[in-house]
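Visitor: The structure's right below; bear with me while I get my questions together.
Bear in mind these aren't lab numbers, they're just calculated from the coordinates by the rules spelled out. Keep in mind that this is a model prediction, so the values were computed, not measured. Glycine also receives a Cβ, built like all others from the backbone with ideal geometry; neighbour counts cover every protein chain displayed.
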Amino acid sequence: MIGSIIENYKLVSVLGEGGMGIVYKAFDLKLERYVALKILSPHALLNPQFIARFKREAKNQAKLTHPNIVPVYGFTEDNHTFGIVMEYVEGETLEHLIKRKGHLSSNESLLILKQILLGIGYAHTKGFVHRDIKPSNVIINNEGSVKIMDFGISKSIHESKGITKTGTKLGTVLYMSPEQIKALEPTNQSDIYSIGITFYEMLSGKTPFEDGTEFEIMEAHLKKNPDKISSVLDNIPTQIDNIISKALNKSLVKRYQTCDDLLNDVDELLVGINNPSPNRKTKRKETTTETTNGRPSLGAKIRFYSMAFLFICLFGLLFYFVYITVSQFWKSSNENRGMNLATNSNEISNYKWKVIASPTSKSLNSICFINDSVGYSCGDQGIVIKTNDRGNSWIILNDSSSINLYDIKFLSTETGFIVGEKGTILKTNNSGQTWQKINADTSNTFFKIYLLRNTSVGFIVGSNGTILKSIDEGNSWFNESSPTNEILFGISFSDSNNGVIVGWDGTILKSTNQGQTWNKENKFTDKYLRDIYFADDKTGIIVGGSGEILRTENGGNDWEKINSNSYSGLYSVIFINNKRGFVLGSKGEILVSSNGGKNWKSSSSGSYASLISISESTAGKIYIVSNNGSIITN
Ligand code: ATP
Ligand code: MG
């Protein structure tokens, strides 16, 4: 089959095989993009009703647009070969991830669970029951986003009488709800049950009922209670046991009613895990002092004096310890005088991140705070949002366009710019109330706009090596000649003359004349380079694919690779002074440096999404946006 063409899809390779057929990676010759094509095996097509039902399902599914659901593009029907065309997701299925790692940590499992719940919860509000949630139908893309596959496909399969048995693999009963086993109509709560089993498997590496024959497994779903995870594994918070027991409850009355109910418990637990309270209330034993006639007894007196003695000894020891520590500190700081500040890990771990309410689930690609309270963000499908109250609430300025917007920047409180797909440049002069389109003479995609401080010069970079320049505060833009055709993602200047642009395939361009000409630097890496930031006129950081961090100390003349301890795609970098910097990762991680980018320490944002853009308000608060619309702050 490889190499053959079905309609306009050329089969490139096999991605996997399931109960319904083989899934191919295919190239869509019309739209010039890769897709996943599931060719249904003949036994899935036995029932003539199936095709009509299947087409109806595919049409319905096209209505599901959510960052955590793999979209179905359509179907193919070519000489009795029937296929489902889906978005091709480059990544790893949850099934494979669990097999590879044995099992996942509580935090990782919760973060994946959360995204499954967001996707399935959304589908439920649109009236869809998935019916077949299991780790092989969940894929985590290379940016760390969780995507649910095979939506509704099972419905048409199972509803076509006569093929239920042949179309079902043993694997399916492992995740089946008691209602489904009793052949009742599955409901939203049936999906919650299957999600519960999937969560159990993430944590422990095993499904709760997997011993015995298919019949015995079905019996267990109907009658048995699963072992508590905390009895199988160490360090499991008791809330996880509670969540699982409520999600897997046989009684529909006691089971979570909605994904939102379950999500609330997950969020609460995540907040607890990521912000452990330092002084949890520990029950203290009530100490009573025995008295005789209102005066302390002899026993009480002896206890008092021995406690006082102990206290004095402890105090003395403490004093001695403080003295030694302080004197050693002075000694070592004198020895280190003139050397660079070391990473202060305590200070770094002091950053506590929390997810705040967002009005969208579309990917937010850029965020920009202009003072302590007003901030803007833009993203996919034309979304533009604004806050006037430090991110407490966000209003939607625009939400109706098919164009993805990639960067937003403001020159003043009134004047701002947005750039995006199809040569889009938008400008506002009234704090985002209205936006005018500025002509760009190109239909390339723009990824970054950079306004050079204290000048009227600005730059836009994008696909096909595009570099645009403005010398009139962004009112008009002209194409500059570019030494590359690669996608350009980021730009920063170390001073008013020296600038660096970074992009695909390790591309680094440099200018020494305020961007009048750009030269290609020697290739340093094959990784894509997504963002660059100069912390001062010498020190700059570039971040990119597979955890790549490059650092310069001489304004971009030489670059040195820095160990990031990360294999994620790194998307964005900023410095809030010349020491303290932040890098965002594709699996929800935030790397922090306190020594001008020489060392980076990773912390979890509490979100498993790809973190895309970061901004600091004038009050020193950090705001981060991500590809599932979540907004994170400290
Ligand atoms: P079932 O038939 O019960 O759903 P399954 O989920 O294991 O079982 P398939 O849905 O046929 O089987 O998928 C087989 C494999 O193909 C998946 O495990 C995954 O690796 C790959 N795959 C499926 N859809 C996609 C996709 N849209 N993008 C990338 N890989 C995919
Ligand atoms: Mg599947």
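Visitor: Ordered by residue, what ³J(HN,Hα) values in Hz, to whole numbers, does segment 69-81 give under the Karplus form 6.51 cos²θ - 1.76 cosθ + 1.60, where θ = phi - 60° and Gly and Pro are x?
Guide: 10, 6, x, 9, 7, x, 9, 10, 9, 9, 6, 6, 9
Visitor: Could you pull out the pairs from LYS427/LYS601; LYS25/LYS520; LYS147/LYS527; LYS182/LYS206 whose alpha carbons sit more than 29 Å apart here? If you can, show how the numbers build up before the last one.
Guide: Values: LYS427/LYS601 37 Å; LYS25/LYS520 35 Å; LYS147/LYS527 25 Å; LYS182/LYS206 24 Å.
In this structure, LYS427/LYS601; LYS25/LYS520 exceed 29 Å between Cα atoms.
Visitor: Per the Kirkwood definition applied to all pairs of different Cα atoms, how many angstroms is the hydrodynamic radius of segment 568-634?
Guide: One over the average 1/r among Cα pairs gives 11.7 Å for segment 568-634.
Visitor: Taking H placed 1.01 Å from N in the peptide plane, check which residues at least 5 places from GLU480 or on another chain put their amide H under 5 Å from its amide H.
Guide: HN-HN under 5 Å from GLU480: ILE467, LEU468, LYS469.
Visitor: If only Cα atoms are counted, what is the Rg of segment 415-511, and what is its Dmax, in Å?
Guide: Just the Cα atoms of segment 415-511 yield Rg and Dmax of 12.9, 39 Å.
Visitor: Check each of the GluC sites (Glu not before Pro) in segment 383-481 and keep only those in coil by DSSP with at most 13 other C-beta atoms within 10 angstrom; list them in order. Don't skip to the end; give the middle numbers.
Guide: Working: sites: GLU414, GLU421, GLU473, GLU480; in loops: GLU414, GLU421, GLU473, GLU480.
Of the GluC sites (Glu not before Pro), the ones in loops of segment 383-481 whose Cβ has at most 13 other Cβ atoms within 10 Å are GLU414.
Visitor: Here's a follow-up. What aspartates and glutamates does LYS246 reach when the alpha-carbon gap must be under 18 Å and sequence neighbours fewer than 8 apart in one chain are set aside?
Guide: LYS246 reaches GLU179, ASP191, GLU201, ASP227, ASP260, ASP261, ASP265, ASP267, GLU268.
Visitor: List the residues whose amide H sits under 5 Å from the amide H of HIS103, counting only those 5 or more places along or on another chain, with H placed 1.01 Å from N in the peptide plane.
Guide: Amide H neighbours of HIS103, under 5 Å, 5+ apart: none.
Visitor: Next question, about the same structure. Please work out how much length the chain gains when fully extended from GLU92 to SER456, using 0.36 nm per residue of separation minus the C-alpha to C-alpha distance, in nm with one decimal.
Guide: 126.4 nm
Visitor: Provide the convex hull volume over Cα atoms per residue for segment 91-274, in Å³.
Guide: Numbers: hull volume 21.8 nm³, N = 184.
Looking at segment 91-274, the number lands at 118 Å³ per residue.
Visitor: Then there is this: Describe numerically, in nm with one decimal, the distance between label points set 7 Å from Cα along Cα→Cβ at ASP558 and at GLN436.
Guide: If labels sit at ASP558 and GLN436, their model points lie 4.9 nm apart.
Visitor: Among the listed pairs LYS99/LYS579; LYS448/LYS538; LYS30/LYS55; LYS99/LYS354, which have their C-alpha atoms separated by more than 29 angstrom in this model? Show your work: numbers first, answer last.
Guide: Values: LYS99/LYS579 41 Å; LYS448/LYS538 22 Å; LYS30/LYS55 21 Å; LYS99/LYS354 31 Å.
Result: LYS99/LYS579; LYS99/LYS354 exceed 29 Å.
Visitor: Let me ask something else. Return the inverse of the average 1/r over all pairs of distinct C-alpha atoms in segment 48-152, which is the Kirkwood hydrodynamic radius, in Å to one decimal. It would help to have the intermediate numbers written out before the result.
Guide: Details: mean 1/r = 0.0680 Å⁻¹.
Roughly 14.7 Å, rounded to one decimal.
Visitor: Using a basic spin-label model with each label point 7 Å from the Cα along Cα→Cβ, how many nm lie between VAL12 and SER481?
Guide: Once both label points are built, they end up 3.5 nm from each other.
Visitor: Past the 21 Å Cα-Cα mark, which pairs from LYS114/LYS134; LYS224/LYS254; LYS598/LYS621?
Guide: Working: LYS114/LYS134 15 Å; LYS224/LYS254 16 Å; LYS598/LYS621 23 Å.
Beyond 21 Å between Cα atoms: LYS598/LYS621.
Visitor: Amide H of PHE489: which non-local residues (sequence gap of 5 or more, or other chain) have their own amide H closer than 5 Å, using H built in the peptide plane?
Guide: VAL502, GLY503, TRP504
Visitor: Let me ask another. Mind checking the full-extension length gain between ILE403 and ALA183? Use 0.36 nm per residue of separation minus the Cα-Cα distance, one decimal, nm.
Guide: Details: separation 220, 0.36 × 220 = 79.20 nm, distance 4.47 nm.
Full extension from ILE403 to ALA183 adds 74.7 nm.
Visitor: Oh, and also: Hull surface divided by four, with the convex hull built on the Cα atoms of segment 355-633: how many nm²?
Guide: Details: hull surface 49.5 nm².
Mean projected area of the Cα convex hull: 12.4 nm².
Visitor: Ok, one more. With θ set to phi - 60°, apply the Karplus curve 6.51 cos²θ - 1.76 cosθ + 1.60 along segment 197-206 and write out the HN-Hα couplings as whole Hz, x wherever there is a Gly or Pro.
Guide: Once θ is set to phi - 60°, the couplings for segment 197-206 become 5, 4, 4, 4, 5, 4, 6, 10, x, 9 Hz.
Visitor: Tell me, in nm to one decimal, what length is gained between LEU252 and LEU411 on full extension, where the rule is 0.36 nm per residue of separation less the Cα-Cα distance? Don't skip to the end; give the middle numbers.
Guide: Numbers: separation 159, 0.36 × 159 = 57.24 nm, distance 5.58 nm.
Result: 51.7 nm gained on full extension.
Visitor: 7 Å from Cα along Cα→Cβ at both LYS63 and LYS223: what's the point-to-point distance in nm?
Guide: Using points 7 Å along Cα→Cβ, the separation is 4.2 nm.
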